[in-house]
Each structure stands twice: as C-alpha cells, then as structure tokens.
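Before any comments, here is the structure.
Read-outs throughout are calculated quantities, based only on the coordinates presented, and are distinct from any laboratory measurement. Computed from a prediction, not measured in an experiment: that's the story for all the values here. When we count neighbours, we look across all protein chains shown, and the Cβ atoms used for this are built from the backbone with ideal geometry, even at glycine.
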C-alpha cells in the first residue's frame with residue numbers, strides 16, 4: 001500500500017459527501033422517515049435519465065432539476081397513495097419508488113445509445129475515477145464542498161423549524177410552522193444530496209451516507225446539536241476508514257487467505273458504507289457496555 | 001377541512017399529474033425516437049402470445065409462477081406492515097452471492113452454479129433479516145432506520161466484493177450482474193425447474209399456515225392468547241419472504257424483486273376487504289403482471305425484462321387504485337358524492353318543513369308557498385348552493401316551481417320531509433333525555449347524525465322515547481326554531 005495524493009482527494013471527497021448527506025439524514029431518522037432516503041435514491045434515476053435525454057449532455061444543473069423533481073414526486077405520490085388509497089406508508093413508498101426506478105432503468109437503457117451513461121455508474125459510482133478530473137482541486141471535491149456548504153446553511157437557517165417538525169409535528173403546525181412543508185423541503189434537500197453524490201458514490205450507497213452516521217450519533221447522544229456534530233464526525237471517519245480498508249485491508253486479507261491471488265484495491269465507496277456500518281456496530285456495543293446491558 | 005387546504009390539495013394534484021404526464025410523454029417519445037424500438041409486427045405478437053418458442057415458454061412459466069407466489073405471500077407481508085423489509089432482504093443478498101462466487105471460484109474453479117449462488121443469497125438474506133431484528137432489539141434505533149442501515153451497508157459490502165471479483169483472473173463479473181438487474185430471458189430449463197419447485201413448496205407452506213398467518217397479521221395479541229407461537233410464525237413468514245426474494249433475483253433482479261412482493265398485494269387491497277379473496281386476487285394480479293411484462297420484453301428484447309415486469313405491475317396497481325370495487329378512488333368518490341347529495345337534499349327538505357311550521361302555514365293549512373329568500377336565511381348556505389339544491393329537488397320531483405323563486409312541496413317531498421324532520425327531532429329528544437345535552441345545543445349534534453340513521457335504530461329510538469304516541473306524526477321541535485345567524 002502506498003498513499004498517493006489521489007487517495008487524499010478520494011478520502012476528502014468521500015468525507016465531504018458523507019458529511020453533507022449526514023445532515024438531512026439525521027432529520028430523516030428523527031422524522032422516522034429513513035426509508036424515504038432509500039426511496040429517493042432509487043427514484044431520482046428517471047429524473048436523471050430524463051434530464052440526459054432532454055439535454056443530451058451530462059450537465060449538472062439539468063441533473064439537479066430532474067432529480068429534485070423526481071424526489072418531490074416520490075414524496076407526493078407516496079403521500080397521495082397513502083392518503084387517498086389508504087395504503088400503509090411503507091408499501092406506498094415501495095410502490096412508488098419501484099415503479100420510478102423501473103422506469104429509470106428502461107430510460108437509461110434507451111439513453112445509453114445517445115449519452116454515455118452506465119446504470120452501474122449510477123448505482124455504485126466511481127469515486128476513484130471521478131477525482132481524476134482535475135483543476136487545482138478535483139471537480140467532484142468542489143461539488144461536494146458546495147453541497148456541504150448548502151446543507152450547513154439550510155440546516156442552520158431552518159434549525160428551529162426542522163427540530164420542531166421532527167419532534168412535535170402537532171405543536172409545529174399549531175405554531176404555524178407547517179411540518180408537512182418542512183417534510184417536503186427535507187425530501188427535496190435529500191434528493192439534491194443524492195444527485196450530488198450519485199456520480200461519485202452511486203445512488204444506493206447514498207442511503208448509507210444519509211442514515212448510518214446519524215443513527216450512530218443517535219445511539220451516542222440524545223441532544224440534537226450534539227447528534228448533528230457527531231454525525232459529521234462519524235461520516236468523515238467512515239470515509240477515511242473505508243478508504244483505508246478498500247486500498248489496504250480487504251485486498252491484503254484476501255491475498256493472505258487465498259494464496260496466490262493478487263487483488264488490488266476494491267470499491268472505496270462500498271467500503272465507506274461498510275466502515276460506517278462497523279462504526280455503528282462499535283458504538284452500539286460500547287453503549288450497551290456502558291449501560292451495563294447484556295449484548 | 002378549510003378552503004385553503006382544499007386549494008392546496010388541488011394544486012398539488014394538478015402539479016403532480018402534470019409532472020407524471022410529462023414523465024410519460026418523455027418516456028413514450030424516447031421509446032419511439034429510437035430506431036431500435038420500433039413496434040413489432042403482428043406475426044411476432046402472435047408468436048409470442050401463443051408461446052410457440054420453447055424459450056418463451058420456459059421464461060413464461062418460471063416468471064409467472066414467481067409472480068403468483070410472491071403476490072400470495074406479499075399479502076401477508078403487507079398486512080404485517082413489513083413491506084420494506086423485503087427491500088432490505090433483497091439488497092442484503094448481494095454480499096452472499098459475491099462471497100459464494102469468490103469462494104467456489106477459487107476452490108473449484110467454477111462459481112457460477114445457480115443453486116450454490118442462491119444458497120449464498122439465502123444465507124446472507126437471512127443474516128440481513130437477523131441484523132434488522134438485532135438492531136431493533138438492542139438499541140433505541142427505530143424500525144425504518146434499522147432497515148435502511150442494514151440495506152445500505154450490506155449492499156455496499158456486496159459492491160466492494162464485486163469489484164474484487166472483477167479483478168479475478170478467471171471470474172467475469174458480467175455473469176453476476178444478472179442478479180442485480182435480472183435477466184429473465186437467460187432462464188434455462190434447469191433454472192425453471194428450480195424456480196417452479198421452490199415456488200410450489202412456498203405456496204404449499206403458505207396454504208398450510210394460512211389460518212395462522214391470518215391471525216398473526218390481524219391481531220398478534222390474539223394469536224399469542226390462543227397459544228400460537230407468534231415469534232416462530234413470524235420467522236416462518238419472513239423466511240418465506242427471503243426464499244421468494246432469492247428465487248426472484250434471477251428473473252427481475254435484486255433491485256426490483258421487492259416490487260413483486262409489494263405491488264400486487266397493495267393492488268389487491270382495492271378490490272376486496274376479505275383476506276381470502278385478497279390473497280387470491282394478489283396471486284392472480286402478480287401472475288398477470290409477470291405475464292404482461294414477459295410478453296412485452298419478448299417483443300422488445302432490448303429493454304430490461306425486470307423493469308418491464310415492474311412497470312406492468314405498477315399499471316395494474318394504478319388501474320386498481322382508480323377502479324377497485326372496494327377501496328378504489330372512483331367508488332369512494334361516488335359514494336361520498338351520493339352521501340353529500342343526500343345530506344343536501346335532507347337539509348333542504350327540513351328547512352322547507354321548518355319554514356312552513358314557523359310561518360304558521362302548517363297549522364292554518366293555508367297556501368304552503370316556500371319563498372327562496374326565507375329558506376336562504378334558514379341555514380348557512382350560499383345562494384348558488386341553495387339554487388343548485390332547489391333545482392335538483394325540483395328535478396327529483398320533491399318540490400315544484402310555482403313562480404319565480406317560489407316553490408311548493410309535492411306529496412312525495414312532503415312525505416320525505418316529514419320523515420327527515422321526525423328523525424331529526426327524535427334524535428334531539430334522545431340527546432336531551434339521555435345524553436343530558438342542553439336543548440340549545442342539540443340541533444347541531446342531531447344534524448351530524450340524522451342522515452345516516454338506520455330504520456332499525458329509528459325503531460329503537462321510537463321504543464325508547466315512547467314515540468308511539470306520536471304515531472307517524474312529527475313531534476314538535478324541543479328547541480326554539482330560529483333562522484341561522486348570518487355571517488356579517
């Protein structure tokens with residue numbers, strides 16, 4: 001293993017993406033709406049594909065609009081099915097995101113004749129090749145930093161509203177904060193994060209970046225501000241540990257176990273989610289021990 | 001519900017429908033824009049539909065059996081409110097598949113045997129389910145977060161392992177891709193036999209445990225009180241889900257197999273309230289969506305079959321949601337419309353009756369004219385609303401137009417009005433006598449319920465209030481009749 005400058009950029013980009021996802025993700029968990037992150041990360045696929053088909057290029061703004069519209073559409077459609085069709089909320093979400101994702105797969109299959117667009121790339125991203133696109137700093141790193149800044153600003157501005165809508169929706173609506181609206185705003189922000197992250201980590205792995213750091217922080221603390229700060233720290237740690245595992249630990253151990261094989265690095269984005277999962281398990285065990293509870 | 005939220009809902013609806021139609025428009029446009037997606041000619045359609053090709057027959061049999069059984073088991077999953085657990089399980093199968101492939105590829109040099117890979121998928125799917133249960137049991141993390149954590153972390157692990165496989169000298173990961181996106185067309189006779197036998201086993205287990213699952217889904221506490229091992233039953237149900245997910249991997253892929261479990265079951269709910277019929281319908285709908293999907297993908301071989309199957313299922317869902325005979329939007333809208341119409345008509349008749357009563361026309365048996373303006377002040381209704389109601393009542397033969405804005409009751413209307421007012425006043429008297437509500441308050445309370453009083457309940461009321469002494473006559477109002485206060 002040798003640490004190249006590019007590894008630094010990969011870790012930095014991964015950390016920035018994970019941190020920016022962790023912020024709206026924490027509120028998704030508090031809203032008990034975590035699977036909405038799953039739904040949206042699937043459902044932005046047709047939005048992206050349609051943006052590709054309409055503009056014929058991979059412009060980020062078209063993708064952003066397409067994904068945001070698809071994200072809101074998911075939230076609204078599942079709400080409509082839940083409310084007017086009297087279907088249980090999980091099933092309603094499942095119906096919507098499966099349909100949209102299926103449509104997206106077909107659209108991408110069609111679009112792939114025109115624009116270079118690989119469904120694999122959408123699903124699990126290629127952070128390793130994305131950071132090669134360089135000008136002083138890699139393009140994706142800059143993008144991730146801007147997304148993080150946007151998230152920080154929005155969460156800071158609407159902290160009170162988000163907190164109230166998460167913990168006491170009825171009080172929020174009584175005070176005129178419109179928790180329903182905040183819910184849709186949060187969904188939109190999630191969709192924006194998902195599309196910003198999908199190019200480098202892929203849309204499925206966005207779910208881990210959204211939910212796992214927040215959930216880990218939730219185990220450790222019960223104070224919202226502490227949870228948010230901790231989720232940022234856990235996200236950054238997961239990126240670093242994950243990349244180390246990807247370029248060193250996994251290939252090394254597999255080479256050790258299966259003698260005669262020569263594996264090199266595996267997917268960094270994938271290992272970053274595994275690392276965040278390991279952090280979660282670690283914190284869970286520690287908290288059980290500290291509370292003197294049986295594991 | 002106030003007017004503002006009505007407007008908001010309308011606007012939301014309108015924009016959603018616009019977005020959806022735009023989506024479908026682009027979708028169909030792009031389908032036609034490509035030369036490679038021309039419509040197949042009639043011969044092809046007939047050939048596919050009559051299952052002339054051996055290959056089509058195999059794929060058809062395998063996927064339809066899968067769709068039917070997943071529809072059946074999906075009903076229980078939906079009622080158990082665990083629909084999204086199947087999503088987690090399907091994603092969790094990926095590391096199992098990849099790991100099995102690596103192990104057998106290095107040990108035996110041949111890792112791409114379907115039963116072995118499915119066994120690996122089964123084990124890691126079960127492990128994923130176990131992790132969800134463990135997280136739920138040992139932490140304060142809620143259900144939805146536990147599902148999302150297990151789903152994403154295990155999928156990430158699977159993807160890392162796949163990048164590992166891509167580096168193997170002998171292994172080509174292209175073969176594993178079919179488990180992610182599904183590749184129904186590549187199904188062999190051998191695969192079909194495997195799928196068919198497993199679906200039959202799952203179906204038999206489902207039928208054997210039908211009663212237990214039904215009790216479990218509707219009332220867990222009752223199940224426990226009846227001595228049923230609810231945890232074990234839950235595990236059996238979830239294991240069936242894992243098995244279905246795993247055998248569905250090859251046909252529709254792990255990203256979309258969850259749709260086969262959720263969508264037909266959710267669609268069947270719109271047609272019936274009975275579990276047995278629901279279960280049967282869900283089975284049929286699942287089979288139909290798979291059949292449509294497979295037919296379409298045989299006609300458009302370039303499009304991914306799994307995605308088309310799911311889209312067919314979504315279409316079935318959308319149609320069921322609109323036209324379903326039990327919970328469908330149309331039927332519910334219709335019954336709601338009929339109810340509001342009836343309420344409006346009864347309000348009008350009662351207002352007319354009370355007007356005649358207060359104006360003394362009833363006692364004097366003089367000319368019972370009903371002027372429009374007098375009725376307008378009787379309730380809080382707008383002029384347009386009342387005009388509409390009057391017109392409707394005239395059309396139904398309850399009132400007749402005597403001069404401009406002056407009406408007169410017909411015999412039919414008179415009879416109905418008497419019955420409505422009688423119901424209203426009997427209920428008012430009941431409220432005053434038995435519910436200790438002040439006479440000034442009862443009018444509004446009775447207003448809310450008088451339209452849905454059943455004849456049996458009216459008989460009970462008559463007995464209770466000894467209303468027999470009134471015969472079929474209308475009792476006098478227990479409170480002062482006064483026109484509604486006008487909003488300034």
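Overall, the ratio between the Cα radius of gyration of segment A:158-228 and 2.2 N^0.38 Å, rounded to two decimals, is 1.26. Which order do A:168, B:234 fall in if you start with the one that has the fewest other Cβ atoms within 10 Å? With the fewest neighbours first, A:168, B:234 line up as A:168, B:234.
The three principal axes of the Cα atoms in segment B:141-256 give end-to-end lengths of 58, 41, 19 Å, sorted in falling order. Counting other Cβ atoms within 10 Å as a rough exposure proxy, the listed residues A:262, B:479 run A:262, B:479 from fewest neighbours to most. Across the alpha-carbon set of segment A:240-283, the Rg to Rh ratio works out to 1.05, Rh being the Kirkwood radius.
Assign one of three labels to segment A:16-100, namely rounded, prolate or oblate, based on the Cα gyration tensor with a ≥ b ≥ c the square roots of its eigenvalues; rounded applies when a/c is under 1.5, prolate when it is not and a/b is larger than b/c, and oblate otherwise. It is oblate, given that a/c is not under 1.5 and a/b is not larger than b/c.
Let me know the volume per residue of the alpha-carbon convex hull for segment B:171-232, in Å³.
145
Please report, to two decimal places, log10 I(q)/I(0) for segment B:339-469 at q = 0.10, 0.12, 0.13, 0.17 Å⁻¹ as given by the Debye formula with identical point scatterers on the Cα atoms and no solvent. Results for segment B:339-469 at q = 0.10, 0.12, 0.13, 0.17 Å⁻¹ read -0.34, -0.49, -0.57, -0.94. Inter-label distance, residue B:138 to residue B:403: 8.9 nm, where each label sits 7 Å from its Cα along the C-beta direction.
Normalised radius of gyration (Cα atoms, divided by 2.2 N^0.38 Å) for the protein assembly as shown: 1.14.
Converting the Cα gyration tensor eigenvalues of segment B:344-418 into ellipsoid dimensions via √(5λ) gives semi-axes, longest first, of 17, 14, 12 Å. Relative to the longest principal axis of chain B, what angle (0 to 90°, nearest 10) does the C-alpha long axis of helix B:83-108 take? Computed tilt is about 0 degrees. With the Kirkwood sum run over all distinct C-alpha pairs, chain A has a hydrodynamic radius of 19.8 Å.
Between the alpha-carbon centers of segment B:253-273 and segment B:422-468, tell me the distance in whole angstrom. Value for the Cα centre distance between the two parts: 46 Å. Going from the residue with the fewest nearby Cβ atoms within 10 Å to the one with the most, A:201, B:394 rank B:394, A:201.
All C-alpha to C-alpha distances of chain B, sorted into 10 Å bins beginning at zero, yield P(r) values of 4, 15, 19, 17, 13, 12, 11, 7, 2, 1, 0 percent in whole numbers. Every helix of 4 or more DSSP H residues in chain B counts as -39500 (n - 2.57), and over all residues that averages to -24500 deg cm²/dmol at 222 nm.
Entry note: segment B:192-276 has Rg to Rh equal to 1.01, where both radii use alpha-carbon atoms and Rh is the Kirkwood radius. Per-residue ellipticity at 222 nm computed for chain A from its helices equals -26500 deg cm²/dmol, with DSSP H segments shorter than 4 residues left out and the rest contributing -39,500 (n - 2.57). Computed over segment B:223-360, the P(r) curve from all C-alpha pair distances, binned at 10 Å from the origin, holds 11, 25, 24, 16, 10, 7, 5, 2, 0 percent per bin. Mind checking the angle between helix B:411-434 and chain B's longest principal axis? C-alpha axes, 0 to 90 degrees, to the nearest 10. Relative to chain B, helix B:411-434 is tipped by roughly 80 degrees. Anisotropy class assigned to segment A:198-295 is oblate, per the alpha carbon gyration tensor with a/c at or over the 1.5 cut-off and a/b no larger than b/c. How would you classify segment B:71-221 from its alpha-carbon gyration tensor, with a ≥ b ≥ c the square roots of the eigenvalues: rounded for a/c under 1.5, else prolate if a/b is greater than b/c, otherwise oblate? Cα axes put segment B:71-221 in the oblate bin. For segment B:299-366, the equivalent ellipsoid built from the Cα gyration tensor has semi-axes of 58, 7, 6 Å, listed from largest to smallest.
Size estimate for segment A:138-259 follows the Kirkwood approach: the inverse of mean 1/r over distinct Cα pairs works out to 16.5 Å.
Overall shape of segment A:1-158 was characterised from the C-alpha gyration tensor. The equivalent ellipsoid obtained from it has semi-axes of 29, 22, 14 Å, in decreasing order.
Computed from Cα atoms, the angle from the helix B:54-79 axis to the main principal axis of chain B rounds to 50 degrees.
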